[in-house]
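The values are calculated or read from the model by the stated rules, or taken from the named source; none is laboratory data. For clarity, every value in this text was computed on a predicted model and none was experimentally measured. We place every Cβ from the backbone using ideal geometry, glycine too, and count neighbours over all the protein chains shown.
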Amino acid sequence: MAKLTQDSMSIPPEVLAGYEPVIGLEVHAQLKTDTKAFCACSARFGDPPNTNTCPVCLGLPGALPALNRRAVELGIRAALALHLNVQETSRFARKNYFYPDLPKGYQISMYELPLAKGGWLEIEHDGQTKRIGITRLHLEDDAAKNLHEGFPDSAEKSYVDYNRGGTPLAEIVSEPDLRSPTEAHAYLTALKQVLLYTEVSDCNMEEGSLRCDANVSVRRRGAEMFGTKAEVKNLNSFRYLQHALEFEIERQIAVLESGGKITQETRLWNVAAGRTEPMRSKEFAHDYRYFPEPDLLPLRVSAAWRDEIAATMPELPEAKRKRFVRDFGITPYDAEVLASTRALSDYFEGVVRAGAPAKPAANWIQVELLRQLNDAGKEIPESPVPPAELAALVAKVERGEINASTGKKVFARMFETGKPAAEIIAAEGFSQVSDAGEIERWCREVIEKNPDNAAKYRAGNEGVFKFFVGQVMRASLGQANPQTVNDTLKRLLS
């Protein structure tokens, strides 16, 4: 069969609709520890190559691993957040294979006795909630990193940076419950959110802290048996995940429609070419010659230790969203945005605790604060406007001391200078004018200057009323009380 590319595949929609994709994800999350999984070397990212190494993570003869307790604690936190059953006894195993970035010649992982199994994660997709099963979570150490350097003559040199070798990972394996690339995207998004909330991983995909492999197959709609799967590797962004799945699904359907058979294999996502490409024939468990790691005792997790970790767990995103809707009376959409990160949800609750009504606080955060942060390239913890100061500004708008338009100007100055609202309002004359006599004077002047529009309004053309409001607000430099302006204009024009 001719080689398929993203451009050459053109499968009619009705043919695509006759197949159902079956997708399972294997997500590798680097655990947020100071040191590596089995030695005291730093796990810090970005240090000069090969500076964070020792005989253990370099796999030198005679070196013995010692398990990082913090890595186990973080693995248990992730397991509890994903409703997995933490096993009382788990065991590390040697996963044997050769690759230049694996100096030991094997990876220390878990096989038949993982840390936790039998969990789930709920996702929101197409307006519905779907529960995705999670088969297992196990711990392992990461491989080193291959670096490739090209030259103008097309020659290439490869180097290995062993700094990453031995850093602790949690591998989270889903059930094959996903049925579309968009569902897979939603699952990875929800999983990343949970890992960030529990502070298990920083999930920085650019630094390789969160990586994903996808197992993909297709079957005729209505069929019970799964098709032959291919594993797609090298998916280090949400966009690549979705694009790779879209391509691979169409590729497999094209093969089946042409009378071919799917080969069980591992494939790589070629970003530049926009297609998956064969890497190697699919391995099976026996290919890795798993056997118990002889240098590490079985891992015991007592009920007391598990409960101690459970007591430190934060409120998770799903529970937080529900509480925001129930306790603060905001919409589910607002709750979803405000609970998207712990930092943002903490900021919102800080504004409300400082006295701002919940709904206006939610609006100011989502519109003004997030826009200013985005424009400045900053995150919530870097906001120059503390929650209490935003609450003070919102309260002034709600009490009518300044109008909303002026409030936005004040907020912009607060973000720019870090000064409180009261100081900016006093210094720059932003206080709202509510004096009825002053407002009536502005309204009479505007009406006298625009007799034609006044006649139109009195003749029944109510559309020109906004013109008068705008002119009065301009005359007052935006400081007139809008409600008083409206009431006064209606009285004078009628």
Taking the conditions exactly as written (exposed (fewer than 14 other Cβ atoms within 10 Å of the Cβ) and within 30 Å of R91 (Cα to Cα)), does P298 satisfy them or not? yes
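Yes or no, residue by residue, for (1) touching a residue at least 24 places away in the same chain (Cβ under 8 Å); (2) in contact with a helix residue (DSSP H, G or I) (Cβ under 6 Å, 6 or more places away or on another chain); (3) more than 30 Å from D161 (Cα to Cα):
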position: N96; (1), (2), (3): yes, yes, no
position: K104; (1), (2), (3): yes, no, no
position: S109; (1), (2), (3): yes, no, no
position: E112; (1), (2), (3): yes, no, yes
position: I132; (1), (2), (3): yes, yes, yes
position: T135; (1), (2), (3): yes, no, yes
Requiring at least 1 residues that are more than 24 Å from T33 (Cα to Cα), the strands (runs of 3 or more DSSP E) wholly within the range 92-148 are 92-96, 116-125, 128-141
Among residues of the range 383-419 being within 16 Å of L373 (Cβ to Cβ) and of a type in the set (S, T, N, Q), the residue surrounded by the most Cβ atoms within 10 Å (Cβ to Cβ) is S383
Among D126, D141, the single one that is among the charged types (D, E, K, R) and surrounded by 15 or more Cβ atoms within 10 Å (Cβ to Cβ) is D141
Filtering the range 380-415 for residues that are outside any helix (DSSP H, G or I), more than 18 Å from A358 (Cα to Cα) and at pLDDT 95 or above leaves a count of 2
Flagged in the range 444-494 as exposed (fewer than 11 other Cβ atoms within 10 Å of the Cβ) and not charged (D, E, K, R), in numbering order, are P451, A459, G460, G463, S494
Pairs returned, first residue in the range 306-323 that is closer than 15 Å to S340 by Cβ, second residue that is of a type in the set (D, E), beta-carbon separation under 7 angstrom, 6 or more apart or interchain, are E318/E122; R321/E336
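Among the candidates R326, R289, which residue alone is of a type in the set (K, R) and at pLDDT below 95?
On the way: R326 fails: at pLDDT below 95.
Selected residue: R289, the only one of R326, R289 that is of a type in the set (K, R) and at pLDDT below 95.
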If we keep only residues of the range 329-363 that are in contact with a Leu (Cβ under 9 Å, 6 or more places away or on another chain) and outside any helix (DSSP H, G or I), then the residue nearest to I380 (Cα to Cα) is T341
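Take the residues of the range 187-208 that are among the acidic types (D, E) and at pLDDT 95 or above: which is surrounded by the most Cβ atoms within 10 Å (Cβ to Cβ)?
To start, the set of residues in the range 187-208 that are among the acidic types (D, E) comprises 199, 202, 206-207.
Right, trim to at pLDDT 95 or above and you get 199, 202.
Numbers: E199: 13, D202: 16.
The qualifying residue surrounded by the most Cβ atoms within 10 Å (Cβ to Cβ) is D202.
Please count how many residues of the range 433-443 are part of a loop (DSSP other than H, G, I, E, B) and either at pLDDT 85 or above or surrounded by 18 or more Cβ atoms within 10 Å (Cβ to Cβ) (or both). Before you say what the answer is, go through the steps one by one.
Of all residues in the range 433-443, those part of a loop (DSSP other than H, G, I, E, B) come to 434-435.
Applying the additional criterion that residues be either at pLDDT 85 or above or surrounded by 18 or more Cβ atoms within 10 Å (Cβ to Cβ) (or both) yields none.
So the answer is 0.
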Practice task
Go through the residues of the range 125-132 one by one and say whether even a single one is more than 19 Å from H28 (Cβ to Cβ), assigned by TED's automatic domain parsing to the domain that holds Y288, out of contact with any Leu (no Cβ under 9 Å at 6 or more places or on another chain) and of a type in the set (S, T, N, Q).
Solution key: yes
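Go over the candidates A29, A37 one by one and state the one that is aliphatic (A, V, I, L, M), touching a residue at least 12 places away in the same chain (Cβ under 8 Å), in a loop (DSSP other than H, G, I, E, B) and closer than 20 Å to R211 by Cα. Full working, then the answer.
Numbers: A29 fails: in a loop (DSSP other than H, G, I, E, B).
So the residue among A29, A37 that is aliphatic (A, V, I, L, M), touching a residue at least 12 places away in the same chain (Cβ under 8 Å), in a loop (DSSP other than H, G, I, E, B) and closer than 20 Å to R211 by Cα is A37.
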All-but-one check, L297 against (1) outside any helix (DSSP H, G or I); (2) under 18 Å from the mean Cα position of the chain (by Cα); (3) without any contact (Cβ under 8 Å) to a residue 12 or more places away in the chain, failing number (2)
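Considering only the range 149-172, how many residues are touching a strand residue (DSSP E or B) at 6+ places or on another chain (Cβ under 7 Å) and modelled with pLDDT of 80 or more? Break it down into steps so the answer makes sense when it comes.
The first filter runs over the range 149-172 and keeps only residues touching a strand residue (DSSP E or B) at 6+ places or on another chain (Cβ under 7 Å), leaving 149-150, 156-161, 164, 166-172.
Okay, now just the ones that are also modelled with pLDDT of 80 or more, so 157-161, 164, 166-172.
Counting residues in the range 149-172 that are touching a strand residue (DSSP E or B) at 6+ places or on another chain (Cβ under 7 Å) and modelled with pLDDT of 80 or more gives 13.
Taking the condition in contact with an Asp or Glu (Cβ under 9 Å, 6 or more places away or on another chain) and more than 27 Å from R342 (Cβ to Cβ), does K419 pass? Please lay out each step first, then the result.
On the way: in contact with an Asp or Glu (Cβ under 9 Å, 6 or more places away or on another chain): yes; more than 27 Å from R342 (Cβ to Cβ): yes.
For K419, the condition - in contact with an Asp or Glu (Cβ under 9 Å, 6 or more places away or on another chain) and more than 27 Å from R342 (Cβ to Cβ) - is met.
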Among the residues of the range 135-147, are any farther than 25 Å from G208 by Cα and either touching a strand residue (DSSP E or B) at 6+ places or on another chain (Cβ under 6 Å) or at pLDDT 95 or above (or both)? no
